[in-house]
Structures are given as structure tokens and as C-alpha cells.
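Asks: Here it is, the structure in full.
Since every read-out is calculated from the coordinates, none of them should be taken as a lab result. These numbers were taken from a predicted model, which means no experiment stands behind them. So basically every Cβ, Gly included, is an ideal-geometry build from the backbone, and we count neighbours across all protein chains shown.
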Amino acid sequence: MKKSICAAVAVMIWGFTSPAQAQEQQIHYTVSFENAAHHEAQVKAVFQGVKTPVLEVRMSRSSPGRYALHEFAKNVYSVQAFDSQGKPLPITRPNLHQWNVSGHDGTVHITYTLFADRPDGTYAGVNETHAKLNAPATFMYANGFEQAPARVEFKATNFPQWTAATQLKPETGNNLTFSAPNFQYLMDSPTELANLQWRQWPVAENGRTQQVRIAMHHQGTEKELDEYTQKAQRIVTQAQAVFGELPAFDFGTYTFLACYMPGTPGDGMEHRNSTSITSSRPLRTGMIGNLGTLAHEFFHSWNVERIRPKSLEPFNFADANMSGELWLAEGFTNYYTDLLMHRAGVINAEEYLQAAADEVGYVIFAPGKNYFSPVEMSMQAPFVDASRSVDPVNRHNTFISYYTFGSAVGFGLDLTLRTRFQGLTLDDYMRLLWQRHGKPEKPYTLADLEVALADLTKDPAFAKDFFLRHVHGKELMPYETLAKQMGVVLRTARPGKAVLNTEQLQFTNDQATLMSGTHIGSPLYKAGLDREDVLLTVNGKKLKDQKTLDEILNKFKPGQTVQVEVEQRGTKKQVAVTLAQDPKIEMVPLEKTGQTLTPDMKARREAWLGSKTVQ
């Protein structure tokens, strides 16, 4: 009798279905926020049409656009299971990420609580101002339901002002209910629920009109949002011009899910028809940085979402995802980020050139280039892409981000094409990849990339040599020579300025502590210093702060030696440190260095940096 009452109550509360309704495979999620003040969401998942005696339900270990493990199961608790009549079902745990449910009648209802307190593009965040939900961090999924359609219903009864921004397909007549055609699309679809401010504009091309939308959660003014929107629209146009067209967005819409609220972690995460962009920078002071993330993530709607490495197909939600092509997927996107910002008039030429110089300069001086090629650096993404570990590593010496390394490769290839092959640019290469791989959505391999470059240039020997030396190999490109041919000079920014360290120092109590390992070849590395060593004095003067150190170094030139008193593992000693040249470089117009800018150089530079129109 007691069991029957419990089952009846469960039917009323959870809306259980009869076995007859459970033949076709489908999933229905319901998410509510009764305890939003304490960062909890209540999630119910109904799996209909279960075909196996045991339903294997899992939380993802990874997330699209991220390559490391994030173990989302750690934030799930109070898990219960019921059949279609509300009968409780037994649950066993074969591993940390999985719940096995047996004894069902073809339908399984799973309920659980999700703790969510990181509202970025990777995790989930819930409070009384919004719910920022990345799908792999939110939704359990079931093995065997990969092709099942999913319906997602958000219940925000306590927050009637909330609207929802997502790339999921909206359900007619209900602005908080959506659907996904299959598992992969669902897991690629984040959702932001808040008192959102909306902006949108149409883009007409190829006989269709698509909508680009901004859903903004921030504390700024309408005027700031309008300025942001105008600049975003120009960035979208410049990205469109690179490829010649927008992708055909599913459901005809692309959405920027922008959250710029206090305490929000900075992040950008691309998705097929949307992007999640987050930061604590308000529009008033962080406009340029926020738009930079927007530019980067929107470029991904071509490069990585549709021009996609075969190594990431299909995305594996049960393990880390390794790819040797991130130097192009992420790195070339990084190269275009600031270039699009300049072409759109958001940053000026001086700002763009310095941003490009910073990335190229980092690669030139970073010791990591001697250890791994761009392909090998890409393969290390699962170790570094927001990955967590507690043991010290030597990556400051052995690793260069595939974002930065790839950006430098893209910069070098763009300038090489423009100076060696008349009329060709990196834009042309990206457009060819779009036509061959992105538009037909045919995943590519490294060999495919080389073939495309050979076909573009009509020079297979060049393409083979480029990939052998600069992609599979560790050889840097002749950046200074290439830059000069483009009418710009890549040079030392502060010649004659001496530096003691290129590592981070923390100043406390009239001393400076090395916060990380020292860089191979740096003054402190050569002097035998390393992480947690304490610098007490330089030439007898205590190190109160960075200003004090700068005042000391201003009296010296690169190559001169200073005496440094250090404390190393509890022992004080004096070491001689030979100062180095400040490694910062800059890129400036050729004519500003007193050299002659030829008409060819000027034409190439203007073609490179100038605004583009959609062809």
C-alpha cells in the first residue's frame, strides 16, 4: 500500500509516462532553479525507448572546444532513478562518471542536483541573476541514445524576467523550451538564462537571410551595448569577407551569449551556431578586450566548427581529445583575431602591429620552440587547456601555446604568400579550406592541409617544404625579412635596456621571490636560480618593489654583471648575474625608421591591413 502511494505521488510530481509511450527513443530534460541563491539547479532527465536491460547514464568528462578532462560528475549529487510508473530503480556506480540503472520498463527518469558556481564557457554557473549552463557540465546522457532527439525545458518560475539565449531550436509557443536533433548537437549547445538585453541584425546572401544576435547580460548602459553591437557587426562583416560568405547556420541564426558581470571568469568558447563569451570586464572599460574574444570565437564558426580536424570527429565526451591540428584551428584563428579587429576599425594600425609583434616575439624568444613542433604543441592541449594538476612542470621552458605558435605560423605564411606568390594571401588559403572541407563539412587531415597549400600556390615543392620545416619541424620563419617586404620593421623595442629577469617576481618584505621556474637562457637561469628562490639585494640594495629594481637596472647595459644576494633553500649566498637585453620587440611602419617605403611595399601593406568587402 505504501509503495503504491509513493508511486502515485511520483506520477503526479514527475509526470511519468506509460510503457506504451516509451517505444521511440527520445530524451526530455527539465531544469529548474529553486535554490539558485546557493548555486544549485534541479535536473530531471527522462530516457524513453531504453533498449538494454541496464541503462548506462553518464556525465561528460570533456567539453567541445576544450581538450582536457574536467570531470563534470564531481558537481552532481542526490541522484535518483524511477521507471515510467514512478517506481524507484536501483542504481550502481561502475566508475566515477557513470550510473547504471536496471529493472526499468523501457523508460527511465533520472533526477539529480547540479552544483554550478563557475559561469564561463566550460562549466556552469547559477545564482539569482542568471543561469549559465554549458551542456556537458549540466546534462547526463545515456549510452545508446546518441541519435535520439532531446527536448530541453527550463523552468524559471522565480525569475519571470529571464529569457533564454541558445543555439538549440526554439519550440513554438514556449520561449524556455528547446530541442536538439541528437546528442552531439545538444552537448555543443550552451544556454544563458537572465534578464538579457538583445540586439540583432539580418545578413542577406546566397538567396537567404540569416540573423546574427547578441544576448547580453551586463550592468552597462544601452549606449554601451549599442556601441558594442555596431563594432561587432563590423567584425562579423570582416570575418565574412575572409571566407566570402557566412556559414549556413542551423535554424538561420547565430547567437553571441555575452555575459560581462562582476565575478565572471574570462572565457570564450565556440559552438556551431553560437559562442559563449564571458568576462568580469564591463563594457565601459573592457570594450576592446571583450570584442577581441568575440572576433576570435566568431571566426571559429568557420575554422574548427566546420573546417574541422578529423582528429576531433566525433568529439569524445568520455576522454580527453588530442589533435595535431590546433596550430591551425586555434592558432590561425588567433592570428585573425586582431587582424579582423583592425580591418573592422576597432583597433588602429599601431595597436594591431604591436599585438602581432608580441606574439611573434614571444615565439622567437621562447625556449619551447626547440622542444616541440607546432603539431606536437597541439597534441599537448589536454595537458594545458584549463587542465588541473598540482605538481610543478617545466612547461615555461618546453611549451608554447598552440594559440601563439599557430598565430606566428599564420602570420609568417600570410606574409610569405603575399610576397612570394602574386595575388595570393592567407585569406585565399582559408577560403580554399572552406570550399573543400568546411562547406561540405569534410574533416581534414594534416596531409589535406598540405595538398590545399600546394594547389593554391601551384607549387607542391613549396608546400612540402613549408610543412616539413615549419609545421612538422621546429624551424622559425624569417619574420624580419618578411615584415620588411610588407613595409614594416620587426625590431627590438628597447635597445640597450638591461633586464635581470624575464620571470615573475613577487615583492614582499624588501625581497623578491621567483614564482615560477626560470627560463632557459635567461640571466637567472644561467646563474642557477629557480622557483621559490628569494632575491634579497642587487649590488647591495634591497628589492622593495619593481620600481626599485628598475632604478638599479637603469644604471647598467646588457652584458654587464651585477651581484645578487639570494636565499636558496634556506641558505644565503652571492651570485654574479649577467644582464640581458630586454627581449620585447615591436613592429613599426618602415618609413618611421628612416628607411624608404617602396610603392610595392606600400601596396602589399595596405592590401594586408585594409578593410575587406564580401566578394
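Asks: Would you please state which residues of the stretch 98-128 a label at ALA37 would reach in this model, taking the label point 7 Å out along Cα→Cβ and a backbone N cut-off of under 15 Å?
Replies: In the stretch 98-128, the label zone of ALA37 (backbone N under 15 Å from the point 7 Å along Cα→Cβ) covers 127-128.
Asks: Can you work out D for the chain in µm² s⁻¹ from Stokes-Einstein, where Rh is the Kirkwood radius over C-alpha pairs, the temperature is 25 °C and the viscosity is 0.890 mPa s?
Replies: Roughly 91 µm²/s, to the nearest whole number.
Asks: When the chain is fully extended, how far beyond the present Cα-Cα distance does ASP117 get from GLU480, taking 0.36 nm per residue of separation?
Replies: Once the chain is fully extended between ASP117 and GLU480, it gains 126.0 nm.
Asks: Do you know the relative contact order of the stretch 459-548, to the nearest whole percent, from alpha carbon pairs under 8 angstrom that are 6+ apart?
Replies: Relative CO of the stretch 459-548 lands at 20 percent.
Asks: Hey, what angle do you get for helix 349-365 against the long axis of the chain, alpha-carbon based, 0 to 90 degrees rounded to 10?
Replies: The helix 349-365 is inclined about 80 degrees to the chain.
Asks: Oh, and also: Would you calculate a helix-derived [θ] at 222 nm for the chain, using -39,500 (n - 2.57) for each DSSP H run of n ≥ 4 and dividing by the full residue count, to the nearest 500?
Replies: -8500 deg cm²/dmol
Asks: A further question on this structure: Treat the stretch 203-287 as a sphere of radius equal to its Kirkwood radius over Cα pairs and apply Stokes-Einstein at 4 °C in a medium of 1.567 mPa s; give the translational diffusion coefficient in µm²/s, rounded to a whole number.
Replies: 94
Asks: If the chain between THR571 and THR221 were fully stretched, how many nm would it gain, using 0.36 nm times the residue separation less the Cα-Cα distance?
Replies: So the extension gain works out to 120.3 nm.
Asks: Which FRET efficiency value, to the nearest 0.05, is calculated for ALA493 and ARG388 with the Förster distance at 41 angstrom and r the Cβ-Cβ distance?
Replies: 0.70
Asks: Sticking with this one: So if each residue of separation counts as 0.36 nm, and I subtract the Cα-Cα distance between ASP550 and THR209, what length gain in nm does that give?
Replies: 117.0 nm
Asks: For ASP319 and VAL451, what does the FRET efficiency come to when R0 = 22 Å and r is the distance between their Cβ atoms, rounded to the nearest 0.05?
Replies: 0.15
Asks: Based on the mean of other Cβ atoms within 10 Å per residue, sort peptides 590-596, 209-215, 407-413, 339-345 so the most packed one is first.
Replies: 407-413, 339-345, 209-215, 590-596
Asks: Here is a further query. What's the magnitude of the charge dipole for the chain around its Cα centre, counting Lys and Arg as +1 and Asp and Glu as -1 at the beta-carbon? Answer in Debye, nearest 20.
Replies: 480
Asks: Additional query: Listed highest first by mean packing, meaning other Cβ atoms within 10 Å per residue, what order do 388-398, 366-376 come in?
Replies: Per-residue mean Cβ counts within 10 Å order the peptides as 366-376, 388-398.
Asks: Rounded to the nearest 0.05, what FRET efficiency is calculated for GLU56 and THR596 with R0 set to 56 Å and r the Cβ-Cβ distance?
Replies: Result of the calculation: an efficiency of 0.20.
Asks: Quickly rank 225-232, 608-615, 256-263 as a protection proxy: mean count of other C-beta atoms within 10 Å, highest first.
Replies: 256-263, 225-232, 608-615
Asks: Something else: Pairs LYS369/LYS573; LYS544/LYS584; LYS155/LYS231; LYS439/LYS474; LYS474/LYS555: which are spaced more than 30 Å apart, C-alpha to C-alpha?
Replies: In this structure, LYS369/LYS573; LYS155/LYS231; LYS439/LYS474; LYS474/LYS555 exceed 30 Å between Cα atoms.
Asks: So what is the relative contact order of the chain, in percent, for Cα pairs below 8 Å that sit 6 or more residues apart?
Replies: 11
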